[in-house]
Amino acid sequence: MPDKSPKTIATINFKGGVGKTTVTWCLGDVLSSTSNQKVLMFDLDAQMSLTQAIALNENTGQLYDQFDNWYQTSLARKKTIFDALDAFTKPVQHFDFAVGYDFIYQISKEFHFIPSVEDLYWQELEVFDRDGVKDFIRRLLGKIANSQKVARYDYVLFDCPPSFTLLSYSVLSCCDLILIPVNPDFFASRGVSLILHSLRLRIEPHPLPKIGVFMNKAKTFANQPTKEVAFYMREVERVCSETAQQQRINARFFSSYIRERVAIKRAITGGGVPPELISDFQNLWKESVAFLNE
Ligand SMILES: Nc1ncnc2c1ncn2[C@@H]1O[C@H](COP(=O)(O)OP(=O)(O)OP(=O)(O)O)[C@@H](O)[C@H]1O
Ligand SMILES: [Mg+2]
């Protein structure tokens, strides 16, 4: 039997507002709507920006009610990611949490979603300990893969918060690829060095997954990155390869980048991926999959 377990990709950066949430959603949307691959996406941010944007989908008034009704049922039946974490960390008991479509929301036939809940703030208090939570995501993915009630997913995407939470620890210690979006600004290369070092410190002694760094919000002129953007791309690439070598981690800077387009601001709430950016996301996918398969 070929290995059918899904490839898992987490988007993270400790800098806020670089486009983690937007890029994660656009990647999922582009892949699931232009191929027959099935994608499952997690919102792990207690700020819930992805969940709120999906709830606010203005494309069809219907979807708004549809998500909201589904979400209320999921809360009432105790079928949220927090309830799953709660079941996982219950002392002595085995991990008792049935996975079905009251836990996973179907945005479309190929694109499914596990929303965030405010309760995720609690995981940052001393209620849970690091080692108690470490295997949570791996075990939950196992339950999803074994459930007869939900789809077989090809890819699982995680939108991580801009801080290092217990849930991000659980994701980052088991995922196949970490994607780090950066923006063309003064902080880009410094930020990459910081995040690569701190990921290593925090995930050790677990081996670090592959790490792909790419430029988001790239300004272009005549379809090429502007001189300024090209400068920051070179800087980030240099820091990335230096840090990878020093720290012995498999990190690289991707040549694909996502252009800056105002229309992307409405992508999740109903505008969809701006048509001129679809090829950017397809290129990012191709480069990510090639790296995953190396
Ligand atoms: N390629 C792009 N072009 C133009 N605007 C973009 C692009 N990518 C993201 N943005 C905008 O940048 C802002 C921040 O994006 P987003 O919320 O995805 O970042 P984030 O890293 O998830 O933030 P947080 O750290 O708060 O979770 C949003 O207004 C979003 O629409
Ligand atoms: Mg976000």
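Can you tell me which residue in segment 27-61 is nearest to ligand 2 (Cβ to nearest atom), limited to those that are farther than 23 Å from Thr165 by Cβ and assigned to a helix (DSSP H, G or I)? My answer is Asp29. Considering Ala244, Ala230, Ala263, the condition of being part of a helix (DSSP H, G or I), within 11 Å of ligand 1 (Cβ to nearest atom) and of a type in the set (A, V, I, L, M, F, W, C) is satisfied by Ala263 alone.
The lone criterion from (1) in a helix (DSSP H, G or I); (2) within 16 Å of ligand 1 (Cβ to nearest atom); (3) in contact (Cβ under 8 Å) with a residue 60 or more places away in the chain left unmet by Leu179 is number (1). Among all positions in segment 155-172, there is no residue which is assigned to a loop (DSSP other than H, G, I, E, B) and away from ligand 2 (no atom under 16 Å from the Cβ). So which residues in segment 173-204 are in contact with a Pro (Cβ under 6 Å, 6 or more places away or on another chain) and within 16 Å of ligand 2 (Cβ to nearest atom)? Within segment 173-204, just Ile178 meets the criteria. Taken across segment 185-198, residues that are part of a helix (DSSP H, G or I), touching a residue at least 60 places away in the same chain (Cβ under 8 Å), away from ligand 1 (no atom under 15 Å from the Cβ) and among the small types (Gly, Ala, Ser) do occur, with at least one present.
Just so you know, all these numbers are worked out from the coordinates, no wet-lab data involved. This structure is a prediction, so every number in the text was calculated from the model and none was measured. Don't worry about glycine lacking a Cβ; one is built from the backbone with ideal geometry, like all the others, and counts go over all protein chains shown.
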